[in-house]
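*Asks:* Pasting a structure here, questions to come.
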Amino acid sequence: MNLLEIIDLKTHFPTSNGLVKAVDTIDMSISEQETFGLIGETGCGKSVLGHSIIRLLQSDTVMKGKIIYKGKNLLEISEAEMRNIRGEEIAMILQNPTTSLNPVITVGEQIAEAIRLHQRLNKKDAKQKAIEMLEAVRIPSPSQRANEYPHEFSGGMKQRVMIAMGLACDPALVIADEPTKGLDVTIKIQIVELMKEVTAQKAMLLITHDLGVASEMCDRIALMYAGELVEYASVIEIFENPLHPYTIGFLDSLPGRGLVPIPGMSPSLIDLPDGCRFHPRCSHVMEICRQKHPGMTEMKDGHFVRCFHA
Amino acid sequence: MLGYILKRIFQLIPALLLVSVASFSIIYFAPGDPAETLMTGPDGNVNPKSVEEFRTKMGLDKPLHIQYLIWLNNVVHGNFGYSYRTEKPVFDHIKTSFGATFKLAVVSLIISLIISIPLGIISAIKHNSGLDISCMVGASLGVSMPNFWLGLLLMLLFGIYLDWLPVAGYGTGGDLEHIILPALTLGTGSAAVTARLMRSSMLEVLGQDYILTARAKGVPEWMVIGKHALKNALIPFVTMVGLNFGYLLNGSVVVETIFGWPGIGRLIVDSINMRDYMMVQGCMVFVALLFVTVNLVVDISYRYLDPRIRYEKA
Ligand SMILES: Nc1ncnc2c1ncn2[C@@H]1O[C@H](COP(=O)(O)OP(=O)(O)OP(=O)(O)O)[C@@H](O)[C@H]1O
Ligand code: SF4
Ligand SMILES: [Mg+2]
């Protein structure tokens, strides 16, 4: 059963330079307890897609399409209903824990706040629950650490706090934005292990640059390029049988596989290339690629790709 | 924290000494002789004998550095000397005048905060809207309008046309009726500055990632603004407002003069005019002391508000 289904989603930002098409037609779904990885170069719209799901965008943003969560279209419900879903049903672990924690509020209070809002616990019980959450993410001496401020935590510890905060109300879906970015290898492994453990019973949208992390944690992986998905399949399929030239390029740019970067730069989201958005950088480009925009086609069971060459 | 405060207080001593030396010498070299000015009779004639007597009595015949040391020694013992004019202790004059200035400063500050905090927040939330633009145009006008002009306008409107409030004066101990107009003049003037600061620090804070985190948790928007954003935006704001209050405490000569408010600003100007230098000297040191104290209090509250520097070893 699909927990979340995104249909024809577009998220555009009007700016003085033109319309930024950060998400330009995404169709995807996440089933219960599934971990879905979203991978792509910087600026391709991953975070915007994550924020779109819980409508965490400024009011002049243009959003079209449907985001169906448990049968309800999140783009049609009221702001008050949306607020009840944020944190309680769908939690978001934002990119960059250092700037995402409020510097003047204690860590314990930042976690307890969500608990008080959604679970109608009193101050004391919420605080106790927050301490339990800190304990669950393996922060040593949690009852003392709860009274400390974010700047007193290391980068890895802040990430743990973000995870504790996201999971405090036991959401069904977690959107985790680059949870391992900027961490050194040992800490990264610990965070991956921790996330696997605490989200075992939950669905997750994992946004990451790190294919290693994605392969470790995900059931399915999608590659995003210039506001759209270009390929998605099970983890094994993506690694063993990649079809889209962008996916192949991405895999080749991994340290273990030659470190060959994809030539060229990702296009401006204001002025997208005609035809296939990847064609200016593609080594297999054909005449049709410049004229027609390829659709998503299912090549194999559950393996979708957007390419004329595949 | 206590260690930090003590250290800061200790650091104030050289600054205060410097201020006192500077004001002592400026006064000494300024034109006009206090003995002659004060001993001029109603007929405009100066009696050389009484001038001499006055000089000896006030110690003005001694060399400058001796005068200074005598004065300093007295100050250290809590004696700010005696006014040349009234022969009453300088400190008593300062106390009375400062009382009036303090009252005016507090009411002005309250007015300024009542105006600037909501205005700054609303402008930031609705930034670039018509409301925001009109608030900020109003603030620009407020900043550029000189106090004496605003004061006179208020005086004309409320004191003369509407006749709701007394035009000027101190009333009985600076009562509410008399304080409103001068406080409004000072308060709106400083609100124009602080509202803009509130707006810009609020705007900056609202763009931070932790605001997004709060929203992602399902925190209602009024709490995002009132708790998550305001707590951060107040840090630079408090510094600014504190310094502003420091200026208010030094007494606005212009406003005190227009409204006949017997505050410390007017005491200084009157004393300079009368060459009552003992009084000027006392006031200068008092004002300097006040200013550094306010600065220290601002610094301490800044540390209290911002946990990132609260625990730093001072
Ligand atoms: N509020 C906004 N207004 C205008 N443009 C925006 C806005 N938010 C994001 N963008 C643009 O949308 C694009 C996608 O941004 P997004 O943050 O989703 O990238 P990302 O894939 O998450 O990149 P990264 O890996 O660096 O986090 C970027 O080009 C960004 O500049
Ligand atoms: S459609 Fe054409 S240009 Fe686009 S990825 Fe496939 S081969 Fe390359
Ligand atoms: Mg991102």
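*Asks:* Can you compute the modelled spin-label distance between A:ALA200 and A:GLU76, with each label point 7 Å from Cα toward Cβ, in nm?
*Replies:* 3.8
*Asks:* Which order do A:GLU109, A:GLU231, B:GLU256 fall in if you start with the one that has the fewest other Cβ atoms within 10 Å?
*Replies:* A:GLU109, B:GLU256, A:GLU231
*Asks:* Is the shape of the stretch A:1-89 rounded, prolate or oblate, going by the alpha carbon gyration tensor and its root eigenvalues a ≥ b ≥ c, with a/c under 1.5 for rounded and a/b larger than b/c for prolate?
*Replies:* Judged from the Cα gyration tensor, the stretch A:1-89 comes out oblate (a/c at least 1.5, b/c at or above a/b).
*Asks:* If you check each cysteine of chain A for another cysteine whose beta-carbon is under 4.7 Å away, which ones come up empty?
*Replies:* A:CYS44, A:CYS169, A:CYS218, A:CYS282, A:CYS307
*Asks:* Here's a follow-up. What is the extension gain from B:LEU64 to B:ASN79, computed as 0.36 nm multiplied by their sequence separation minus the C-alpha to C-alpha distance, in nm to one decimal?
*Replies:* 3.5 nm
*Asks:* Further question on the same structure: Alpha carbon centre of the stretch B:1-35 versus the stretch A:156-174: separation in Å?
*Replies:* The stretch B:1-35 and the stretch A:156-174 have Cα centres separated by 56 Å.
*Asks:* Using the Cα gyration tensor of the stretch A:225-278, with a ≥ b ≥ c the square roots of its eigenvalues, what is the shape: rounded (a/c below 1.5), prolate (a/b larger than b/c) or oblate (neither)?
*Replies:* Oblate, since a/c reaches 1.5 and b/c is not below a/b.
*Asks:* Something else: Please compute the contact order of the stretch B:91-305 in relative form: average sequence separation of alpha-carbon pairs under 8 Å and at least six residues apart, divided by the residue count, as a percent.
*Replies:* 29
*Asks:* Over chain A, what is the mean sequence separation of C-alpha contacts under 8 Å (at least six apart), divided by residue count, expressed as relative contact order in percent?
*Replies:* That works out to 20 percent.
*Asks:* Here's something else I'd like to know. Would you kindly calculate the translational diffusion coefficient of the protein assembly as shown, applying Stokes-Einstein with the Kirkwood radius from alpha carbon pairs, for 25 °C and a viscosity of 0.890 mPa s, and quote it in µm² s⁻¹ without decimals? Before the final figure, lay out each step's value.
*Replies:* Numbers: Rh = 29.8 Å.
Translational diffusion coefficient: 82 µm²/s.
*Asks:* What translational diffusion coefficient, to the nearest whole µm²/s, does the stretch B:218-314 have by Stokes-Einstein, given a Kirkwood radius computed over alpha-carbon pairs, a temperature of 25 °C and 0.890 mPa s viscosity? Let's see the in-between values first.
*Replies:* Values: Rh = 16.1 Å.
Translational D for this selection: 152 µm²/s.
*Asks:* While we're looking at this one, here's another question. What Rg and what Dmax come out for the stretch B:27-105 when only alpha-carbon atoms are used, in angstroms?
*Replies:* Values for the stretch B:27-105 (Cα only, Rg and Dmax): 15.0, 44 Å.
*Asks:* Given labels modelled 7 Å from the Cα in the Cβ direction, how far is it in nm from A:HIS284 to B:THR96?
*Replies:* 9.6
*Asks:* Next question, about the same structure. Of A:LYS21/A:LYS64; A:LYS123/A:LYS158; B:LYS57/B:LYS88, which ones are farther than 18 Å apart at the Cα?
*Replies:* Violating the 18 Å limit, Cα to Cα: A:LYS123/A:LYS158.
*Asks:* Further question on the same structure: I want to verify the translational diffusion coefficient of chain A in µm²/s; compute it with Stokes-Einstein, Rh as the Kirkwood radius over Cα pairs, at 25 °C and 0.890 mPa s.
*Replies:* So the translational diffusion coefficient is about 120 µm²/s.
*Asks:* Assuming a ≥ b ≥ c are the square roots of the Cα gyration tensor eigenvalues, decide whether chain B counts as rounded (a/c under 1.5), prolate (otherwise, with a/b larger than b/c) or oblate. Please report the intermediate quantities before stating the final value.
*Replies:* Values: a/c = 3.32, a/b = 1.66, b/c = 2.00.
Note, shape of chain B comes out oblate.
*Asks:* I've got another one for you. What is the spin-label model distance, in nm, from A:LYS66 to A:GLU132 if the labels are put 7 Å beyond Cα along the C-beta direction?
*Replies:* 3.8
FYI, it's all coordinate maths here, none of it is from the lab. All of these numbers come straight from a predicted model, not from anything done at the bench. Cβ atoms come from the backbone with ideal geometry, glycine included; neighbour counts cover every protein chain shown.
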